[in-house]
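**Q** Please see the structure below; I have some questions.
The values are calculated or read from the model by the stated rules, or taken from the named source; none is laboratory data. These figures come from a predicted structure and were not determined experimentally. Reconstructed Cβ throughout: ideal geometry from the backbone, glycine too, with neighbour counts over all protein chains shown. Note: accessible area is taken over every heavy atom of the protein model, side chains too, but ligands, DNA and RNA are not part of it. Shrake-Rupley method; radii C 1.70, N 1.55, O 1.52, S 1.80 Å.
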Amino acid sequence: MIKIIAKRLGQAAFVAWAVGTLTFILMRLLPGDFAYRIAAGRYGYDYVNQAAADAVRVELGLDRSVFSQYLEWLFNLVQFNLGDSLVSGNPVIDELYHQLGHSLQLALFATFFSLLIAIPVGLYTGRNAGGVADKASLFVSVFLRAQPVFVIGLVLVLLFALQLRLLPVAGFGSSEYVILPAISLALSMAALSSRIIRNSTFDVVNSPFYRFARFKGLTEQQAFTHHAQPNIALPVISFIGIQAVGLIEGIVMIESLFSWPGIGHALAHAIFGRDVPMIQGAALVMGLLFVLINGAVDCAVYLLDPRQKEEVLA
């Protein structure tokens with residue numbers, strides 16, 4: 001367990017440096033006057049001029065060399081100082097702390113809804129492979145995975161918000177506001193995770209150890225509960241870490257579509273405003289979340305699978 005945690009901490013440090021450095025370089029490769037875009041983000045395009053842009057350039061030290069700015073950012077990162085937003089002037093860490101809670105809320109609801117859909121569908125189709133339900137599930141899964149997550153969100157808005165008027169279009173407030181964005185993410189996630197559960201279930205119920213359990217006299221339910229479910233869970237838990245990438249990517253689009261006040265929405269606004277500290281902070285948090293999720297998955301698999309302990313000891 002300690003080796004797993006140490007490995008993930010090393011990855012987190014590398015991700016923090018790599019994501020921040022890449023963001024720093026890419027933002028400065030974008031065309032246009034960097035200081036002018038920041039000034040426009042502060043005062044609006046109708047009230048900004050070259051004098052305001054020059055004042056912002058001097059205030060933020062953008063007139064210094066790029067290497068000097070990068071060294072300053074690296075020094076602040078080592079001190080866990082993400083700086084201040086170039087647009088609002090507020091500490092980036094404070095804004096991210098507020099937005100992270102909303103993003104985690106959306107991610108947890110999306111994961112819950114996706115498992116609520118994927119687990120029963122995957123288990124049923126895996127135990128009845130080749131049937132009508134299995135083929136229908138495959139068709140729906142391929143169809144949903146072929147759609148960008150924002151297209152799924154738009155369809156849900158048109159159906160449930162504009163046509164049926166059951167749910168709000170966008171925004172944040174009561175619990176009903178989280179339903180559409182969470183289900184948009186959940187459908188995209190469940191389309192793939194249901195097939196993973198289906199394939200895992202199919203492999204287990206057709207394995208020699210499962211047939212031997214039935215041969216010993218266990219009922220179908222006893223064999224499935226005590227022998228199949230633990231072996232089905234392992235690849236599914238491992239897949240959750242992989243699916244976290246799609247979840248993080250989807251959150252950026254869904255939060256912007258539904259005006260959800262999370263990190264993804266803030267990242268989109270920061271890119272338009274050339275708010276580099278905010279972009280670096282948001283991208284950094286997303287990268288570290290991915291490492292954290294994978295670390296939690298590794299620990300869960302380690303605790304559930306005795307073979308993992310033998311490999312670590314070896």
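**Q** With θ taken as phi - 60° and the coefficients 6.51, -1.76 and 1.60, list the Karplus ³J(HN,Hα) couplings across the range 140-145 in order, rounded to whole Hz; mark glycine and proline as x.
**A** Working through the residues one at a time gives 5, 4, 5, 4, 5, 5 Hz.
**Q** Given [x] 58, 40, 34; [y] 59, 40, 38; [z] 84, 58, 32, which label gives Cα extents along the principal axes in Å as computed from the coordinates?
**A** Here the calculated entry is [z].
**Q** Can you send over the carbon and sulfur percentage of the accessible area for the range 109-173, probe radius 1.4 Å, protein chains only?
**A** The value for the range 109-173 is 75 percent carbon and sulfur by accessible area.
**Q** Could you order Ile25, Ile38, Ile240 so the one with the most accessible surface comes first? Probe is 1.4 Å.
**A** Sorted descending by solvent-accessible area, the residues read Ile25, Ile240, Ile38.
**Q** Rounded, prolate or oblate for the range 36-104? Axes are the square roots of the Cα gyration tensor eigenvalues, ordered a ≥ b ≥ c, and the cut-off for rounded is a/c under 1.5.
**A** Cα axes put the range 36-104 in the oblate bin.
**Q** 5 Å is the cut-off here: which amide hydrogens, built 1.01 Å from N in the peptide plane, fall below it relative to Asp84, excluding neighbours closer than 5 in sequence?
**A** Amide H to amide H, under 5 Å and 5 or more residues apart or across chains, Asp84 pairs with Val92.
**Q** Only Cα pairs within less than 10 Å get springs; with that Gaussian network setup on the chain, which residue of Leu167, Leu29, Leu289 has the largest fluctuation?
**A** The residue that fluctuates most here is Leu29.
**Q** If you take the beta carbon distance between Ser65 and Phe14 as r and set R0 to 25 Å, what does 1/(1 + (r/R0)^6) give as a FRET efficiency, to the nearest 0.05?
**A** With R0 = 25 Å, the Cβ-Cβ based efficiency is 0.45.
**Q** Rolling a 1.4 angstrom probe over the protein heavy atoms, how many square angstrom per residue are accessible across the range 157-292?
**A** On a per-residue basis, the range 157-292 sits at 45 Å².
**Q** Further question on the same structure: When all alpha-carbon pairs of the range 137-243 are counted, what percent fall beyond 16 Å?
**A** In whole percent, the share of Cα-Cα pairs in the range 137-243 beyond 16 Å is 67.
**Q** Could you work out [θ]222 nm for the chain from helices alone, using -39500 (n - 2.57) per DSSP H run of at least four and dividing by all its residues? Round to the nearest 500 deg cm²/dmol.
**A** So the calculated ellipticity at 222 nm is -25000 deg cm²/dmol.
**Q** Could you check which residue among Ser88, Ser174, Ser207 shows the biggest mean-square fluctuation in a GNM of the chain with a 10 Å Cα cutoff?
**A** Ser174
**Q** Accessible area, 1.4 Å probe, largest first: how do Phe272, Phe212 sort?
**A** Phe272, Phe212
**Q** A further question follows. For the range 64-72, take each phi angle, set θ = phi - 60°, evaluate the Karplus expression 6.51 cos²θ - 1.76 cosθ + 1.60, and give the result in whole Hz per residue in order, putting x for glycine and proline.
**A** My calculation for the range 64-72 gives 7, 5, 4, 5, 5, 5, 5, 5, 5 Hz in order.
**Q** In whole percent, how big is the carbon plus sulfur part of the accessible area of the range 207-306, probe 1.4 Å, protein atoms only?
**A** Looking at the range 207-306 in its full context, I get 73 percent from C and S.
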